[in-house]
Amino acid sequence: MDILKRIEELEDEVISLRRDFHKHPEMGFKEFRTAEIVAEYLRKCGLEVEEKVAKTGVVGLLKVKEDGKTLMLRADMDALPITEQNEVEYKSQNEGVMHACGHDGHTAMLLAAAKVLSENRDQIKGNIKFVFQPNEETEAARVMINEGVLKNPDVDAALAAHLWTPIESGKIAVSDGAVMGGLYEFEVKITGKGGHTSAPQFSIDPIITASDIIQTVQIIQSREIDPLKATVIMFGQINGGTATNIIPEEVDLRGTIRYLYRDDENSIEKPKQRFERIVEQVCRTHQAEYEINYVAASPPVYNNPEMVKKTRETAEKIVGRENLVDYTNLAGEDFGEFSLEVPSTFFFIGTGNKEKGTDYPHHHPKFNIDEDTLLTGIKMHVLGALNYFNN
Ligand SMILES: [Zn+2]
Ligand SMILES: [Zn+2]
């Protein structure tokens, strides 16, 4: 049977899977119900299934040719701490939790792709690992790698998709190099010496130290790093002080460093090290103490040019060359960890449609996807996998 026709037959199934996940969203590392459905579905497709990888992750292996290459296809399963404002029949039933990033769609699309690929195993000249990752919104890819997800059989390449509302439905974005930002989420605790604001000479003021740090770290992007290499250092929280006339003991700063280039040993950019140097020296200037912690970190998602070429070929077959677009952004995505280890492509499936109300940004309480684009996702996984083995 014609594969594209077979995929189209699965439209109702993929929509109902997606709506079921949407109705029962689960936070990162708590995707128990989702993981159970995923594991059961993959078993029915005849795959070898491993559960509880990185707590709630599921890995399905389609082993066809042991000595062939192994391709990994990855979807994420976690939801967000948001109260849904969409009035739809499949509205979230878990108060305060919502699939507001499209991961419900990713999981559904990859399940359907696993079904089609397992039905067409005679056309696959290697093995396919279907990786259903937990907790993407914080981080779990590195945990999966540490638990051996890229081994036995060893993964040679990886593909992953993100449904993306900023891109119009019908379009697919595939670009070379860094396509999503590297990220450090930091906390800086500045400790001074409290006192009366009338006599600053007896105190060490953590507020002026904090304001100096906020200003001075901006020279990293404007003076220290190639201005053509996107770098942005933002502060999202400042906490400190209790009254107008008290110099506080402590100020806490929290924020993010994002960048769109490789930051390895050979890189001269190193935004994290530069940030730490400035915090240290500014604190020394003010005689304050400090402590830096990183809440989360992930490298940029880096697309391998050879893999991108193949993914473009696949996308062209599905939506036509005129609907292929270039796209990069500075949001973090922990698929970056996989892209650091194996040649990868991370591509965006446009799902923004104003008429259907699916043009809200990701993480918005009215976020929704254009379900007509789910089939595009299945096609990209299936044809992308076949194309990988055919070259
Ligand atoms: Zn997200
Ligand atoms: Zn996401």
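The values are calculated or read from the model by the stated rules, or taken from the named source; none is laboratory data. What you see is a predicted model; the values in this text were computed from it and never measured. FYI the Cβ positions are ideal-geometry reconstructions off the backbone, even for glycines, and counts take in every protein chain you see.
Okay, here's what the table says:
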{"quantity": "Contacts under 8 angstrom Cβ, first residue in segment 128-145 being within 12 Å of ligand 2 (Cβ to nearest atom), partner assigned to a strand (DSSP E or B), 6 or more apart", "calculated": "Gln133/Gly57; Gln133/Arg74; Gln133/Ala75; Gln133/Asp76; Glu136/Asp76; Glu137/Leu80; Thr138/Ala296"}
{"quantity": "Residue count, segment 72-90 (criterion: more than 16 Å from ligand 1 (Cβ to nearest atom) and under 19 Å from Ile37 (Cα atoms))", "calculated": "2"}
{"quantity": "Test: Gln215 is modelled with pLDDT of 95 or more and part of a strand (DSSP E or B)", "calculated": "no"}
{"quantity": "Options Gly350, Gly336; residue that is part of a helix (DSSP H, G or I), of a type in the set (Gly, Ala, Ser), crowded, with 18+ Cβ neighbours inside 10 Å and not assigned by TED's automatic domain parsing to the domain that holds Ile207", "calculated": "Gly336"}
{"quantity": "Test: residue in segment 95-109 that is farther than 24 Å from Ala331 by Cα, away from ligand 1 (no atom under 16 Å from the Cβ) and assigned by TED's automatic domain parsing to the domain that holds Gly68", "calculated": "yes"}
{"quantity": "Where a residue in segment 36-60 is on the phi > 0 side of the Ramachandran plot and its partner, wherever it lies, is at pLDDT 95 or above and crowded, with 22+ Cβ neighbours inside 10 Å, with Cβ under 7 Å and at least six apart", "calculated": "Ala54/Pro134; Ala54/Ala140; Ala54/Met144; Lys55/Pro134"}
{"quantity": "Hits in segment 245-275 (condition: of a type in the set (Val, Ile, Thr) and buried (at least 17 other Cβ atoms within 10 Å of the Cβ))", "calculated": "Ile247, Val251, Thr256, Ile257"}
{"quantity": "The lone exception for Asn152 - which of (1) assigned to a loop (DSSP other than H, G, I, E, B); (2) within 16 Å of ligand 2 (Cβ to nearest atom) it fails", "calculated": "(2)"}
{"quantity": "Enumeration of residues in segment 111-163 that are within 16 Å of ligand 1 (Cβ to nearest atom) and surrounded by fewer than 17 Cβ atoms within 10 Å (Cβ to Cβ)", "calculated": "Thr138"}
{"quantity": "Single residue of segment 155-205 satisfying the filter (β-branched (Val, Ile, Thr) and outside any loop (DSSP other than H, G, I, E, B)) that is farthest from His99 (Cα to Cα)", "calculated": "Ile204"}
{"quantity": "Residues that are within 16 Å of ligand 1 (Cβ to nearest atom) and of a type in the set (Gly, Ala, Ser), drawn from segment 326-350", "calculated": "Ala331, Gly332, Gly336"}
{"quantity": "Lone qualifier among Gln281, Gln287 - being in contact with a Lys or Arg (Cβ under 9 Å, 6 or more places away or on another chain) and surrounded by fewer than 16 Cβ atoms within 10 Å (Cβ to Cβ)", "calculated": "Gln287"}
{"quantity": "Selection status of Glu355, among the charged types (D, E, K, R) and either within 15 Å of ligand 1 (Cβ to nearest atom) or not in a loop (DSSP other than H, G, I, E, B) (or both)", "calculated": "no"}
{"quantity": "Where a residue in segment 163-189 is over 16 Å from Tyr302 (Cβ atoms) and its partner, wherever it lies, is among the charged types (D, E, K, R) and surrounded by 23 or more Cβ atoms within 10 Å (Cβ to Cβ), with Cβ under 6 Å and at least six apart", "calculated": "Ser169/Asp370"}
{"quantity": "Test for Ala173: is it under 24 Å from Val319 (Cβ atoms), surrounded by fewer than 24 Cβ atoms within 10 Å (Cβ to Cβ), within 16 Å of ligand 2 (Cβ to nearest atom) and at pLDDT 95 or above", "calculated": "yes"}
{"quantity": "Looking only at segment 19-57, and only at residues there that are aliphatic (A, V, I, L, M) and within 20 Å of the chain's Cα centre (by Cα), the one that is farthest from Arg142 (Cα to Cα)", "calculated": "Val38"}
{"quantity": "Where Asp67 falls short, out of the listed (1) farther than 24 Å from Glu333 by Cβ; (2) modelled with pLDDT of 95 or more", "calculated": "(2)"}
{"quantity": "Extreme residue, surrounded by the fewest Cβ atoms within 10 Å (Cβ to Cβ), among residues of segment 202-243 that are polar (S, T, N, Q) and touching a Pro at 6+ places or on another chain (Cβ under 9 Å)", "calculated": "Thr242"}
{"quantity": "Lys366 free of Cβ contacts under 8 Å to residues at least 40 places away in the same chain and in a loop (DSSP other than H, G, I, E, B)", "calculated": "no"}
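Listed here are the residues, each with its yes/no results for (1) in contact with a strand residue (DSSP E or B) (Cβ under 6 Å, 6 or more places away or on another chain); (2) among the hydrophobic types (A, V, I, L, M, F, W, C).
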position	(1), (2)
Pro25	yes, no
Arg33	no, no
Ile82	yes, yes
Lys91	no, no
Asp104	no, no
Leu110	yes, yes
